[in-house]
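Contents: one structure, followed by commentary.
Values in this text are rule-based calculations from the coordinates and carry no lab data. Predicted model only: the values in this text are computed from it and were never measured. Virtual Cβ from ideal backbone geometry, glycine too; neighbours counted across all protein chains shown.
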Amino acid sequence: MSDIEKVKKLREATGAGFKDCNLAIKESGGDLDKAIEILRVKGISKASKKMSRDAKEGVVVVSGDDNKTSVIEVNCETDFVAKNDDFISFVKELSELNNQHSSNQDELKKAVMKNGQSVDDNLVALIAKIGEKITIGKSKTIENTNGINNHYLHTVVKDNVAKLAVLVSLDTNDKSDTVKSFGKQLSMHIAASNPLALESNLIDQAVIDKEQELVAEELKNSGKPEEIAKKISLGKMNKFKEENALLTQAWVMEPKKKVQDIVKELSIADLKIKEFFRIKIGE
């Protein structure tokens with residue numbers, strides 16, 4: 001086999017550029033296995049140099065079914081790469097593995113992809129090939145054997161790949177089209193309204209404390225009597241909690257009603273919103 005044929009074979013096996021493959025063939029003395037190892041090591045070196053950069057673009061990908069649904073975020077540096085075919089192919093396969101491993105990222109990084117290499121090794125190779133920092137971000141899996149899961153994608157890049165994703169899990173024995181339709185609408189509501197928690201008492205205390213500080217600072221120089229300032233502060237905090245808890249948010253499709261009113265109007269005795277998860281690139 002000539003060196004040119006070896007370079008071609010090496011490119012097909014690794015996806016690396018002609019120049020890198022040619023140098024690897026020369027460095028390995030024509031040994032393809034050694035050349036692959038040389039490229040792998042160089043890929044790790046290239047990848048490590050890129051890890052100090054910012055990766056604020058990317059995509060989120062959803063996989064699974066009505067009972068087990070997962071989403072995973074994969075970041076890159078530019079929107080151009082987020083639409084790259086190699087990048088999309090990687091994140092779609094990664095998403096399926098993420099669902100299989102229930103968003104356990106330690107297991108996921110060691111999982112074997114279709115080419116026989118681990119996720120970690122494929123990630124390093126992809127960084128070396130594309131030339132941008134690529135990182136695996138947040139992930140979430142929701143399992144529900146007593147109800148039904150729904151999801152919604154916004155700003156879709158391709159198939160199940162998008163810029164924003166919402167997972168919603170409903171507890172109910174009712175699997176009718178009415179419930180499925182509500183689940184889809186609720187997912188869209190969450191995408192638009194970005195609630196912080198299901199109920200106000202579940203909002204992160206650190207978020208509550210920060211908002212309280214902002215309100216106190218706002219009222220500090222208002223000149224209002226202390227008792228009145230306290231009442232205003234309480235009112236503002238109650239409004240903040242109401243507007244950021246899913247059940248008490250104004251229903252996007254009918255703002256005069258709250259989400260909990262819509263649930264009640266469905267008249268499905270065992271219907272409950274179990275949990276939700278919203279993820280958006282750049283947030």
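The table below gives the values:
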| item | result |
| --- | --- |
| Relative packing of 160-169, 61-70, 203-212, which averages over residues the other C-beta atoms within 10 Å, highest first | 160-169, 61-70, 203-212 |
| Sequence of Val179, Val91, Val252 once ranked by neighbouring C-beta atoms within 10 Å, starting from the fewest | Val252, Val179, Val91 |
| Nonlocal amide H pairs with Lys258, under 5 Å, H built at 1.01 Å | Trp251 |
| Quotient of Cα Rg and 2.2 N^0.38 Å for the chain, N being how many residues it contains | 1.32 |
| Extension reserve of the Lys210-Asp106 stretch, reckoned as 0.36 nm per residue once the Cα distance is removed | 34.2 nm |
| Set of lysines near Lys264 by C-alpha distance (under 30 Å), chain-local residues within fewer than 8 positions excluded | Lys68, Lys140, Lys175, Lys180, Lys184, Lys236, Lys239, Lys241, Lys256, Lys272, Lys274, Lys280 |
| Highest to lowest packing among 225-232, 101-108, 116-123, scored as the average C-beta count within 10 Å | 116-123, 101-108, 225-232 |
| Proxy reagent accessibility, fewest Cβ within 10 Å first, across Ile127, Ile262, Ile4 | Ile4, Ile262, Ile127 |
| Beta bridges per DSSP with both ends in the chain, % antiparallel, nearest 5 | 95 |
| Estimated 222 nm signal from helices in the chain, with DSSP H stretches of n ≥ 4 weighted -39500 (n - 2.57), rounded to 500 | -15500 deg cm²/dmol |
| Long-range HN-HN contacts of Lys274 with modeled amide H, under 5 Å | Ser169, Leu170, Asp171 |
